Structures are given as C-alpha cells and as structure tokens.
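*Asks:* The structure's right below; bear with me while I get my questions together.
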Amino acid sequence: MDGALVVMEAEGAGPVPDTLKIVVAGGFGAGKTTLVSALSEVEALHTEEVMTSESVGVDDLEGVEGKTTTTVALDFGRITLDESTVVYLFGTPGQRRFSFMWEELVEGALGAVVLADTRRLADSFDAIDFFESRGVPFVVAVNCFDGHRTHRADDVRVALDLEERVPLLLCDARDRESVKEVVVELVSLVLRLELSGA
Amino acid sequence: MSAVPPGEEFPREWSFESSLIRPYSLTGGRTRPSRSDFSMTSQVVAVPSGAPPEVDPELELILSLCARPLSVAEVASRSGFPLGVTRILLADLLDQGYVMVHTSDWERNRPDAATLRAVLDRIREL
C-alpha cells in the first residue's frame with residue numbers, strides 16, 4: 001500500500017512509531033493547554049526547559065530582574081493514531097522572550113494552529129508573523145470558549161489581516177470534536193499544499 | 001489590564017529557576033549533549049538486555065521509561081528532568097549503546113499525500 005508506514009522494529013520492544021508534530025500557539029490564556037488536553041490520550045504532559053543566556057541573546061534576559069536563568073514550561077499531548085503513527089501537539093510558551101523555543105518547536109513540524117482569543121486578538125499577531133516567516137502551514141482557530149460567538153469568522157479575518165488562503169475556523173478548545181475539526185483542517189491544508197506541489 | 005483574573009498575574013508557563021547548578025549537576029556541568037540526534041519527538045527505546053549491571057540512578061530511570069519507545073519530550077516529562085538535561089543523559093546512553101533513537105523522516109520531509117490521507121482518516125475516527 002502506498003501509504004504504508006515504515007516501522008522500525010526494536011527487538012522485543014515493539015514497533016517504533018513515526019511521529020508528526022503540530023504546534024499550538026496563541027497568547028497567554030487563549031486556551032492552548034485546554035486544546036491540547038481535549039485531544040490528547042493522556043492528560044497534557046508537562047516538561048521544562050531551562051533558559052540561560054546561552055540559549056537566548058543576552059538582551060532577551062532584560063526584565064528577568066537579575067536572575068540568571070528562568071524555566072520555560074512546555075505542555076504537550078500525545079495522540080496514537082496506530083502502532084506506527086503518533087501525533088504530538090505542543091503548546092508554545094506564550095511570551096515573545098521564549099521565541100528560541102518556538103524555533104525548535106517548528107523545526108520539522110507538520111504545521112501549526114494559532115489559537116486566537118477574541119478578547120485579545122492582538123496576542124495572535126506574533127504567532128501569525130512567526131509561522132508566515134518560517135513558511136509553516138497554519139490555521140487560525142478562534143476559541144469561543146465562553147459560548148458567545150460574538151465574533152463572526154469574517155470579522156476576525158479582517159481584524160487579523162489574514163490572507164484568504166489561511167483557513168480560519170471557530171472552535172471550542174474544551175470540546176474534543178471541535179478540536180478534531182481544527183486538526184483535520186490543518187492536515188487538509190497540508191495535504192492541499194502537498195498536492196499542489198507547494 | 002483587568003482581563004487577567006486575580007492570582008493569575010504571573011503566567012503559569014513563566015517561572016523562575018534560581019540556579020542552574022541543581023539540574024545540571026546530573027550532567028557533570030555540561031549544558032550541551034555530546035550529539036544532536038534528539039528532536040523533541042524522536043523515539044527512544046532501551047536496547048533489550050543492554051543495560052549495564054550498574055548505572056547511575058537517573059540513567060536507570062530513563063532506561064526503565066524507555067522499555068517501550070518513548071519520545072524525548074515524554075522522557076523529560078516523566079523523569080522530571082528539564083529537556084536539556086534529558087538530552088544530555090540520552091546522548092550518554094546512546095554513546096554507550098544502551099538506547100536506540102529513531103527520528104521520523106517526517107521531520108525532514110513532509111509526508112506524502114497517501115500518508116496524509118491516512119492520517120486524516122485516523123483523526124476523524126478518534
């Protein structure tokens with residue numbers, strides 16, 4: 001079969017899966033961890049990276065108030081599609097100062113979801129600019145977690161100055177089916193890019 | 001500025017670590033791994049019966065976690081070591097032949113259309 005996945009057998013340990021990485025970005029409080037948890041087969045996992053002056057420009061430590069290091073927390077989830085394919089969803093640290101982490105996260109990523117909060121749409125600009133500049137396929141998902149769809153998708157698109165080719169959809173980051181739709185939208189976008197040779 | 005509820009002024013993903021010494025004492029002070037084979041999603045698996053009779057407790061912990069394939073990020077999460085420390089320890093284990101690592105080709109090349117369609121089907125079935 002054409003889509004057969006190559007599986008590296010680890011002797012006695014079962015097949016070693018291939019992995020797809022999807023990055024979830026958005027401002028603080030936009031619901032990234034909620035979205036990751038909604039689809040992850042385990043409760044969102046948590047890890048940390050220690051930030052030093054070595055991993056960022058020294059200028060970026062401005063405002064760290066004399067501390068030599070900070071810890072950047074990273075939440076992620078795991079979705080096992082089958083024994084040979086696992087999808088990881090990584091929430092990006094929100095602050096711009098942690099952009100060194102974004103660089104690593106988009107490396108080899110299939111694509112990204114920008115989770116927008118209509119109360120703070122401007123918080124999405126950083127992520128949109130970043131993915132555009134890195135050529136990472138992305139969709140914008142507007143989190144309507146308060147249940148009030150006070151914004152129409154078209155209005156949000158205008159407010160974000162989003163190109164027509166970037167998919168935008170409304171979602172509820174708490175709702176598994178809704179989050180599935182978001183991921184399906186992203187993978188569909190990547191498929192269209194693949195088919196168009198882009 | 002009232003959008004942030006009281007008690008949440010300090011974002012959760014933003015915490016101070018006063019010293020580098022503690023986590024990196026496990027790595028002999030090294031802050032970089034001996035090799036760069038490990039992406040966040042690289043799958044690591046312990047080589048069966050490859051474990052030496054005596055290894056440091058932190059290496060033993062990692063080996064036990066990798067009895068079945070596990071991503072670097074998950075190893076870090078489950079061991080509680082920071083990502084950077086985890087990478088250094090994994091590189092040591094790889095150098096000594098105690099683990100194998102597999103980084104998906106999909107990190108370098110976008111999956112082909114047939115694979116993407118299969119992935120879409122699977123996600124819809126979730």
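*Asks:* Would you kindly derive the ³J(HN,Hα) couplings of region A:75-85 from the backbone phi angles with the Karplus curve 6.51 cos²θ - 1.76 cosθ + 1.60 (θ = phi - 60°), listing them in order in whole Hz, with x for Gly and Pro?
*Replies:* 9, 8, x, 10, 10, 8, 7, 6, 5, 10, 9
*Asks:* Taking neighbour Cβ counts within 10 Å as the exposure measure, how do B:Met40, B:Met100 sort from fewest upward?
*Replies:* Ranking B:Met40, B:Met100 by Cβ neighbours within 10 Å, fewest first, gives B:Met100, B:Met40.
*Asks:* P(r) of region B:21-105 in 5 Å steps, Cα pairs, percent per bin?
*Replies:* 3, 16, 31, 28, 17, 5, 1, 0
*Asks:* Kindly provide the GluC sites (Glu not before Pro) of region A:156-198 that DSSP labels as loop, not H, G, I, E or B, and whose Cβ sees at most 15 other Cβ atoms within 10 Å.
*Replies:* Taking region A:156-198 and a limit of 15 other Cβ atoms within 10 Å, the loop GluC sites (Glu not before Pro) found are A:Glu163, A:Glu164.
Values quoted throughout were computed directly from the atomic coordinates according to the rules given, and no laboratory measurement underlies them. Just so it is clear, the structure is predicted and the values come from calculations on it, not from any experiment. Cβ sites come from the backbone with ideal geometry, for glycine too, and all protein chains shown count toward neighbours.
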